[in-house]
Each structure stands twice: as structure tokens, then as C-alpha cells.
1. Give me the pairs, please: first residue somewhere in segment 32-45 and in the same structural domain as Arg11 (by TED's automatic domain parsing), second residue anywhere and among the charged types (D, E, K, R) and part of a helix (DSSP H, G or I), beta-carbon distance under 8 Å, and either six or more positions apart or on two chains.
2. If you go through segment 111-146 one residue at a time, how many are within 16 Å of Leu292 (Cα to Cα), touching a Lys or Arg at 6+ places or on another chain (Cβ under 9 Å) and of a type in the set (A, V, I, L, M)?
3. Against the definition (surrounded by 14 or more Cβ atoms within 10 Å (Cβ to Cβ), under 22 Å from Leu134 (Cα atoms) and among the small types (Gly, Ala, Ser)), how does Ala44 come out, yes or no?
4. Restricting attention to segment 18-56, and to residues there that are assigned to a loop (DSSP other than H, G, I, E, B) and over 23 Å from Asp67 (Cβ atoms), which single residue is nearest to the chain's Cα centre (by Cα)?
5. Condition first: of a type outside the set (Asp, Glu) and in a helix (DSSP H, G or I). Can you find one or more residues in segment 259-276 that meet it?
6. Can you pull out the residues in segment 190-249 that are assigned to a loop (DSSP other than H, G, I, E, B) and within 11 Å of Leu175 (Cα to Cα)?
7. Please work out which one of (1) modelled with pLDDT of 90 or more; (2) under 20 Å from the mean Cα position of the chain (by Cα); (3) exposed (fewer than 15 other Cβ atoms within 10 Å of the Cβ) is the condition Ala115 fails and give its number.
Amino acid sequence: MLDLRRLRLLRELHARGTIAAVADALQFTPSAVSQQLAALERDAGVPLLVRAGRGVRLTDAALVLVDHAGALLDRAELAEAELAASAASVVGRGRIATFQSAALRIAVPAMATLAREAPGLRCELVEAEPEQALPELTLGGVDLVLADEWQQQPHPRLPSVDRHELHRDTVRVVLPEAHPLARRHPDRVALAALRDATWTVGHAGTPWGHMVEATCRQHGGFDPDVRYRTNDAVVSLALVAAGQAVTLLPDMVQADARPGVVVRAIAGGEVHRTIVAATRRADRERPSVQALLAAVRAAALSVAAGDRADARAGG
């Protein structure tokens, strides 16, 4: 009889590439992972791993086993979810992976709500970009991912993952308070007027960086002069407040709360990202995951209500 826990280790090794990465993800020691894989090899009766340089690679027999492992582990997760649903109690562990602004505006309020309403649920939070968090969800490393999906770069639709749209997050022009355009245009700024500006954006190839560059081309007709690249919006806001750069940021970042910074709509067209929650399809009946999902939905509705109130106040 093949052990499901050992099969999961084999699947993790196939996905992550090294025993060290598997050990780190599952909080085992590398030697414990190696021992369990050796036991699985004995159970299977065929070689599963061969040395490859300083690491290992999976044999053809192991790859066959990995294909079956996915189906077996999915069925085991579904059985666990249905058992949990039959108990009708919200207990256990709920792990959320998300990026910075969604952590602050959605995940933290949701976890505070769950601490009051479901005290038997241990909530955990890890900061991670969607590119890392979504694969981790499919492997079972987390239970819910809050991701941002930009218009120009949608995430792949995975058959094992349910996608739940939470919030439409509008992108704005962010300027130094003393910028001439900020004084002349209290509501909207044409991107073409920022053709000669210095920009701060995300690293090359990241969704934020790509969005800024694509939006400047589409709505302004120019390639931005990017002198500062950082994936931390707080750093970009500091550069803007110091008068060193301009940028584009979504509302959830709350750039308008930063002293020395003003926010304006983009004249001539709306740009936005969509905040989505992702959960495993096998967890549709699991009370802990459904409690996480309900809490982040409620928190996202509060964010949307706050944004509408701010828009009315600004108008």
C-alpha cells in the first residue's frame, strides 16, 4: 500500500525541483524528506530517484506515480473536506497568502473578524506575490490566495482552483504635491503631459511595472523615463513625496494618505486591476476555507464602500 504522505513528497519534489525546497516548504529536514522518499521507493519496488549532479531527478516510473498521486491526493483532500463539512464547525488552520496592499486592506481585517467569530480557527498569513502564491495553493501549502490581476496580464485559469472576484481597484496618477500639473488639474491628468517626467515603477517584467509602461504607451503615447524600480509601493511613494518621480498606483495602496503626495484620475480612460480570491476546488465544502472566503469577501466590500465614500467626498 502506497502512503499518501510519501506520495505528496514525491509530487512536491516534482514541482519544486530539490529536496531542500520540499523540506523548506513542508517544514521538514532534508534528511527526513530523503528517508520518506526512500521508504516510498521500497514500497513501490522500483527506482524513483537517480542522482543528477548535486541533486536528484525523477525516473520515468516516478513520473507515472506523480500523475496518479495528483488524483489520489485530490480525492483525499475532497474526503477530508466533506468530513469537516459534516462536523459543521469552523476549526483547524486557515492559511492566507497575499501581497502587501491586500494584506493591509483585506486580509488583516478578515482575520480580525475571524478571531471574534471563529476562535477555533487558527489563521496564518504569509506575504507573497501571486506568481508564487498560486502554485503554492495548488500544492496545498496555503488555503486561500488574494491576488491582483491586471488587465494586461491575466493569471492562468487552473482547473483545480476556484476564482472569486472581490474588488475592482482603479489606478490613479500619483504626483508630488508641488507638481505644476497637480495644481492646474484638481481632478484628472492627461498622461501625455507627463511625457518628460521621471518615473518610479515596479521591476521589469512584474505586473505593476508592465502596467505602468503599457498604460503610458496606450494613453500617453510615450515610453516612461524609468529611473527607480522597486516592488515596494512605500518606497515609490517616498520618491514621489520627495519630488523625485511620478507613478501610477491603484486605490488600495492609499497613496492619497501619504503627506506630500496627490492623486489624480487618468484623463481619457480608466485603468484598473481586479482583486481576486483563489481557493482549491476540493475545498468547496470545507468550513474553514469557506469561513476565510466569507471574511475576505466582507472585508473587500468594506474597501469598496470606503472608496465610493472617498470619491463622493472628492467630488
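1. Close Cβ pairs (under 8 Å, with a partner that is among the charged types (D, E, K, R) and part of a helix (DSSP H, G or I)) amount to Gln36/Arg5; Gln36/Arg6; Leu37/Arg6; Ala39/Arg6; Leu40/Arg6; Asp43/Arg6.
2. 6
3. Numbers: surrounded by 14 or more Cβ atoms within 10 Å (Cβ to Cβ): yes; under 22 Å from Leu134 (Cα atoms): no; among the small types (Gly, Ala, Ser): yes.
So Ala44 fails the test.
4. Narrowing segment 18-56 to residues assigned to a loop (DSSP other than H, G, I, E, B): 18, 27-29, 45-48, 53-54.
Of the ones still in play, those that are also over 23 Å from Asp67 (Cβ atoms) are 27-29, 53-54.
Numbers: Gln27: 21, Phe28: 24, Thr29: 27, Gly53: 34, Arg54: 32 Å.
Of everything passing the filter in segment 18-56, Gln27 is nearest to the chain's Cα centre (by Cα).
5. Step one: of segment 259-276, the residues of a type outside the set (Asp, Glu) are 259-269, 271-276.
Keeping just the survivors that are in a helix (DSSP H, G or I) gives none.
Within segment 259-276 (the criterion being of a type outside the set (Asp, Glu) and in a helix (DSSP H, G or I)), the answer is no, since none of the residues qualifies.
6. Quick first cut of segment 190-249, residues assigned to a loop (DSSP other than H, G, I, E, B) only: 190, 195-197, 202-206, 221-224, 230-232, 242-245.
Ala197, Ala242, Gly243, Gln244, Ala245 - these are the residues of segment 190-249 that are assigned to a loop (DSSP other than H, G, I, E, B) and within 11 Å of Leu175 (Cα to Cα).
7. Here Ala115 meets the rest and fails (2).
Table: residues versus (1) at pLDDT below 95; (2) of a type in the set (Phe, Trp, Tyr); (3) assigned by TED's automatic domain parsing to the domain that holds Ala192.
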| residue | (1), (2), (3) |
| --- | --- |
| Met252 | yes, no, yes |
| Gly260 | no, no, yes |
| Arg264 | no, no, yes |
| Gly268 | yes, no, yes |
| Arg286 | yes, no, no |
| Leu292 | no, no, no |
| Ala298 | no, no, no |
| Ser302 | yes, no, no |
| Ala305 | yes, no, no |
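The values are calculated or read from the model by the stated rules, or taken from the named source; none is laboratory data. In this text, all values refer to a predicted model and were calculated from it rather than measured experimentally. Note that we place each Cβ from the backbone using ideal geometry, even for glycine, and neighbour counts take in every protein chain shown.
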